[in-house]
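Taking it in order: structure first as structure tokens, then the write-up.
The values are calculated or read from the model by the stated rules, or taken from the named source; none is laboratory data. Source: prediction; values computed, not measured. FYI the Cβ positions are ideal-geometry reconstructions off the backbone, even for glycines, and counts take in every protein chain you see. Heavy atoms of the whole protein, side chains included, go into the accessibility calculation; ligands, DNA and RNA do not. Shrake-Rupley method; radii C 1.70, N 1.55, O 1.52, S 1.80 Å.
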Amino acid sequence: MAQQGRQSRVALALMLVFSMLVVATISTVTGLDELARRRLTPRDISAYVGQHVVWGACNKQLRLPDLVDSVVGLETYNCAKVRVPANYLGTEPTPDFEIRLMRRHKVGAPDNLPLIVVNPGGPGGSGIEQVQWSQFPDALTDKYDFVGFDPRGVGASTLEGGKNISCSKLLTFRKNFGGGFVHNDGEYQNWLTRNNDYYRDCAAKNPFWFTLSTENVVRDLDLIRQATQGDRPLNYIGSSYGAFIGALYATRYSKHVSKLVLDSPAEMTNDEVKSAKHWYTTQEKTLNGFLHQYAKYSGITDDEAYKRLLQSKKWA
């Protein structure tokens, strides 16, 4: 009976989390439907296509201090920026984003090497940081320069004028750490309130929040390719969400892809609810197995093991 009771509570927690995802997905779909109703047309981006980056000295703030001494005399780093439209659809005026780039070149390697663009994912990971800490093999650094970029709204890539995308740190903390598992409707409502407060506040502080999308990052990536390499196709290494960006780029710009490496790819699916349901079902099975083995090893019941898990999470 204790085992069944514990499983029912885990199932309730997962069901409520699943319901949250359904609400979020419906909201996203509604937003897409609104765009369709407005019949937004692609924006003319010809003014952005003819850019050519000018590589120069990097701002010291972009360098990772713990890596500076280790690469002195072995590699050089240059930085640049590419201007992209905040919105690729419609005629409503929006500011531009300035996408920051960092190029890593091995001392002694030929000049004007082809490029490999990298991004670590997140979302929110800095490609400028990754291009500094990643250990690339000599077989590649002898033949390629590496370029990391911060996607729009991330790190050094900001709206024109240096305006950062920012949200309330307090509301961010409450959203992410304001509670543990959701066990009942009351806790679910509290969770929903915390999230709504966070999103409303963030949207109010950032009127162009809606331009922070994967589709726009992929379009930015093609402008980066053109600005840094002209007509040459893209070489790209992406990890996790960065792999998602690379895969989506390949579907949108297949003629502009040369070599593509997708490391630990995030799942690409249009059916987010089905994907989440499968993930949570797998997680529940794994958690139940872990709790059962822990209870058996500790000489306690599964129900007691579950209580210990919740207590440990509360302490954390």
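List of remarks:
- Annotation: amide H-H contacts under 5 Å for LEU89 (H modelled 1.01 Å from N, sequence separation of 5 or more, or interchain): ARG43.
- With every protein chain in place, the range 205-316: carbon and sulfur % of accessible area (1.4 Å): 55
- Cross-link pairs exceeding 29 Å between alpha carbons, from the set LYS277/LYS307; LYS81/LYS259; LYS81/LYS277; LYS277/LYS313: LYS81/LYS277.
- Taking amide H as placed 1.01 Å from N in the peptide plane, the amide H of LEU260 sits under 5 Å from that of TYR236, each at least 5 places away or on another chain.
- Estimated FRET transfer efficiency when R0 is 35 angstrom, pair GLU304-THR281 (beta carbons, to 0.05): 0.90
- The stretch between LYS143 and TYR294 holds 49.2 nm of extra length on full extension. This uses 0.36 nm per residue minus the Cα-Cα distance.
- Accessible area of the range 219-308 divided out per residue, in Å², using a probe of 1.4 angstrom: 59
- Rounded to the nearest 0.05, the FRET efficiency derived from the C-beta distance between ASN164 and GLN135 at R0 = 30 Å is 0.50.
- Under 21 Å of direct C-alpha separation, and excluding same-chain neighbours fewer than eight residues apart, LYS205 reaches these lysines: LYS163, LYS169, LYS175.
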